[in-house]
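Novice: The structure follows.
Values in this text are rule-based calculations from the coordinates and carry no lab data. Keep in mind that this is a model prediction, so the values were computed, not measured. Reconstructed Cβ throughout: ideal geometry from the backbone, glycine too, with neighbour counts over all protein chains shown.
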Amino acid sequence: MSLLADRMSALGSENAFKLGENIQECISMGINVIRLNIGEPDFDTPEHICKEGVSQILRGNTHYCPPAGILPLRKAIAKQVSETRGINIHPDQVIVTAGGKPPISYTLITYVNPGDEVIYPSPGFPIYESWVTFLGAKAVPLHLEESKGFSFTADQLEKLVSKKTKVIFINSPSNPTGGVLSKSDIEGIAEVIRTKCPPDVRIYSDEIYENILFDGAVHSSIASMKGMQEKTIIASGHSKTYSMTGWRLGFAILPTKEEADIFKNLNINIVSCVPPFVQEAGREAYESPESIKSINIMVKNFEERRNFAVPALNAIDGITCAMPKGAFYLFPNIEGACKKMGVFEAMESLPADIKKRTFPSKLFQMFVLYKYGVATMDRKSFGQVGADGKHFIRLSIASSMENIKEGIERIKKATNDREGFAKFISEGKHLY
Ligand SMILES: Cc1ncc(COP(=O)(O)O)c(C=O)c1O
């Protein structure tokens with residue numbers, strides 16, 4: 001009998017958290033690391049929200065609370081999401097979760113049997129694919145194309161739909177590409193779902209970057225389209241909009257109260273409840289007029305950084321970078337740079353056991369980190385199924401303009417350092 005259950009080998013991860021160890025190693029080696037890997041706003045939680053949380057703790061609001069979430073917060077979420085999506089949500093449909101991540105596993109646990117098919121964006125948030133494979137469902141990645149600004153069309157989706165399609169993940173604005181689906185894209189997608197999908201399909205609409213949009217764009221949700229609210233789980237949270245990543249606060253809105261009760265029971269089984277003082281701070285975030293000012297400052301900063309960084313990356317020979325319309329990530333194509341640096345030849349020359357564990361964008365990422373001190377994320381950190389032959393990295397612009405400028409300058413130097421790359425490979429360290 002083996003120590004670990006067989007299923008554990010099927011669970012993926014989020015490398016953004018794992019890379020911390022490599023960064024620490026670099027720092028201990030004396031490397032000054034610029035972190036363009038980070039998936040959280042580089043702004044502190046606005047003061048009015050912090051004050052509410054602290055005052056709740058000091059008033060003794062530190063006990064268990066309702067597992068579905070406290071009613072004042074569920075009411076605030078229902079009101080905000082109803083108004084912004086033009087739909088009608090009852091607080092009983094809202095389940096408060098410990099961050100925006102738990103609803104992903106809750107959804108797959110609730111609706112998907114082994115062998116059922118799950119469609120999800122690739123590149124996409126890695127936790128979708130991780131839970132799909134863990135539960136023995138069939139992973140059906142919907143590959144997002146750089147040439148289409150990383151959005152996708154109804155036709156692309158239609159080709160992937162089958163009788164076994166059970167859950168479809170949509171994430172707009174997207175991590176890691178910053179792509180945003182337009183209202184007309186979403187209308188087309190809704191039409192495919194209405195006409196081609198099995199009636200009990202569920203759409204997981206991950207809207208966690210809903211407030212981080214550029215060029216005056218307005219957020220569209222698939223739940224607003226005809227016949228879609230009854231099929232859609234809207235997931236969002238406080239991490240990105242209110243810079244509250246460490247508070248662990250998110251939510252899911254279910255099509256029915258019965259389905260919400262299942263999510264409530266999952267909360268009971270796993271975390272019991274989200275801390276009540278965190279929830280009160282989250283309610284304050286929705287209700288205070290101060291919040292919008294903080295959001296506007298943050299988004300303006302991200303937009304200015306994007307406006308600098310995208311042309312700067314495109315000016316590097318061998319790199320092309322699409323202009324993201326939301327979130328705080330850039331997803332440059334590094335294929336040309338890899339050719340220039342000799343990455344593909346190096347891949348071929350690696351011993352078989354190392355070759356199995358690495359790939360070109362990983363070698364690029366590690367070289368840039370260990371030799372040039374810039375932390376980025378490789379392509380396969382955002383979905384592995386069908387990702388061979390795709391050569392991208394993700395850069396986060398949730399970092400100061402100074403860091404972004406310096407980071408891009410160092411990446412440029414790295415792409416011109418064919419000799420240094422060959423030496424890095426011959427040293428045989430940090431290749432995966
Ligand atoms: C698309 C997407 N969904 C969900 C999450 C999870 O957010 P949280 O930190 O609130 O769990 C993230 C975080 O990076 C994300 O990018």
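Novice: What relative contact order, as a whole-number percentage, does region 62-289 give when Cα pairs under 8 Å and 6 or more residues apart are counted? Walk me through the numbers on the way to the answer.
Specialist: Values: 437 pairs, mean separation 66.1, N = 228.
Worked out over region 62-289, it gives 29 percent.
Novice: Order 132-139, 155-162 from most to least packed using the mean count of other Cβ atoms within 10 Å. Let's see the in-between values first.
Specialist: Details: 132-139: 18.8, 155-162: 15.1.
Per-residue mean Cβ counts within 10 Å order the peptides as 132-139, 155-162.
Novice: Report the calculated FRET efficiency for E409 and K257 (r = Cβ-Cβ distance, R0 = 60 Å), to the nearest 0.05.
Specialist: Numbers: r = 54 Å, r/R0 = 0.91.
Result of the calculation: an efficiency of 0.65.
Novice: To continue, here is another question. Based solely on its DSSP helices, what 222 nm [θ] is calculated for the chain when runs of n ≥ 4 H residues each add -39,500 (n - 2.57) and the sum is averaged over all residues, nearest 500 deg cm²/dmol? Mind dumping the intermediate values first?
Specialist: Working: 16 runs with 190 residues, N = 432.
-13500 deg cm²/dmol, from helical runs alone.
Novice: May I pose another question? Which value in Å does the Kirkwood hydrodynamic radius of the chain take, with 1/r averaged over all unlike C-alpha pairs and then inverted?
Specialist: Working: mean 1/r = 0.0444 Å⁻¹.
It works out to 22.5 Å.
Novice: Quick one: among A235, A398, A154, which has the greatest mean-square fluctuation in a GNM of the chain with alpha-carbon springs under 10 angstrom?
Specialist: Highest fluctuation among the options: A154.
Novice: Turning to a different aspect of this structure: Summing Lys, Arg as +1 and Asp, Glu as -1, what charge do residues with Cβ under 10 Å from the Cβ of S294 carry, S294 excluded? Walk me through the numbers before you get to the answer.
Specialist: Working: positive: K293; negative: D44, E47, E290.
Taking every other residue near S294 into account, the sum is -2.
Novice: Taking amide H positions as placed in the peptide plane 1.01 Å from N, state which residues far from K138 in sequence (5 or more) or on other chains have amide H under 5 Å from it.
Specialist: It is G115, D116, E117, V118, by chain and number.
Novice: Here is a further query. P(r) tail for region 62-289, what percent of Cα pairs lie past 31 Å?
Specialist: Working: 4063 of 25878 pairs.
Tail of the P(r) past 31 Å holds 16 percent of the pairs.
Novice: Report the residue, chosen from I233, I109, I404, that carries the largest GNM mean-square fluctuation when the chain is represented by alpha-carbon nodes joined by springs under 10 Å.
Specialist: Of I233, I109, I404, the most mobile in the Gaussian network model is I109.
Novice: Length gain on complete extension for the stretch S2 to E145, per 0.36 nm per residue less the alpha carbon to alpha carbon distance? Before the final figure, lay out each step's value.
Specialist: Values: separation 143, 0.36 × 143 = 51.48 nm, distance 4.18 nm.
The S2-E145 span can extend by a further 47.3 nm.
Novice: When you have a sec, figure out the Kirkwood radius of region 4-87 from all distinct Cα pair distances and drop it here in Å to one decimal?
Specialist: On the way: mean 1/r = 0.0551 Å⁻¹.
After inverting the pairwise mean of 1/r, the radius is 18.1 Å.
Novice: Roughly what angle does helix 290-314 make with the longest principal axis of the chain, taking Cα atoms, 0 to 90 degrees, to the nearest 10?
Specialist: 20
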